[in-house]
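Colleague: Please read through the structure below; I'll follow up with questions.
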Amino acid sequence: MTRSDLVEELAARFSQLTHRDAEFAVKAILEAMNDALVRGHRIEIRGFGSFSISRRPPRMGRNPRSGDSVAIPEKRVPRFKPGKALREAVDQRTAELESGPKL
């Protein structure tokens, strides 16, 4: 699902929202989540999952073309951990789709 798919779904589900309002809502939510993660906060959405920042320590890598060693600096990357309800729903629905009628 892309960002535009999410906007379309939101506009279709809530008829009182115009397409422009749905787009603004999705943009506002994603910007708020982005700002929170940049500030180092953890985001928890019950039943869905949590977003946090994970630290990758500095390490030595290798340039595949020349074989030279390259120092890779420390990085902070976003991490998503799905909640129990999401994990169970995905597992159940994929199992239902797999056990559906075979053609």
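The values are calculated or read from the model by the stated rules, or taken from the named source; none is laboratory data. The structure presented is a predicted model; accordingly, all values stated were derived computationally and were not measured. All Cβ positions, glycine included, derive from the backbone under ideal geometry; neighbour counts span all protein chains shown. Keep in mind that these areas ignore ligands, DNA and RNA; they rest on the heavy atoms of the full protein, side chains included. Shrake-Rupley method; radii C 1.70, N 1.55, O 1.52, S 1.80 Å.
Colleague: Regarding the stretch 43-52, can at least one residue be identified that is in a helix (DSSP H, G or I) and among the aliphatic types (A, V, I, L, M)? Step through it out loud before you land on a result.
Modeller: If we filter the stretch 43-52 for residues that are in a helix (DSSP H, G or I), which is where we start, we get none.
No, because not a single residue in the stretch 43-52 is in a helix (DSSP H, G or I) and among the aliphatic types (A, V, I, L, M).
Colleague: Moving to a separate point now. For the stretch 52-66, give me the residue count where each residue is under 18 Å from Asn34 (Cβ atoms) and of a type in the set (Ser, Thr, Tyr).
Modeller: So the count comes out to 2.
Colleague: Of all residues in the stretch 5-19, which are assigned to a helix (DSSP H, G or I) and surrounded by 11 or more Cβ atoms within 10 Å (Cβ to Cβ)?
Modeller: So the first thing to find is which residues in the stretch 5-19 are assigned to a helix (DSSP H, G or I), and the list is 5-13, 19.
Of everything in the stretch 5-19, those that are assigned to a helix (DSSP H, G or I) and surrounded by 11 or more Cβ atoms within 10 Å (Cβ to Cβ) turn out to be Leu6, Val7, Glu8, Glu9, Leu10, Ala11, Ala12, His19.
Colleague: Any chance you could count how many residues in the stretch 82-103 are out of contact with any Phe, Trp or Tyr (no Cβ under 8 Å at 6 or more places or on another chain), within 24 Å of Ile43 (Cβ to Cβ) and either assigned to a strand (DSSP E or B) or open to solvent by less than 90 Å² (accessible area, probe 1.4 Å) (or both)?
Modeller: 2
Colleague: Just need a number here: residues in the stretch 55-74 that are surrounded by 11 or more Cβ atoms within 10 Å (Cβ to Cβ) and closer than 30 Å to Glu88 by Cα.
Modeller: The total comes to 1.
Colleague: Then there is this: Looking only at residues that are loosely packed, with under 13 Cβ neighbours inside 10 Å and not small (Gly, Ala, Ser) in the stretch 20-33, which one is nearest to the chain's Cα centre (by Cα)?
Modeller: It comes out as Leu30.
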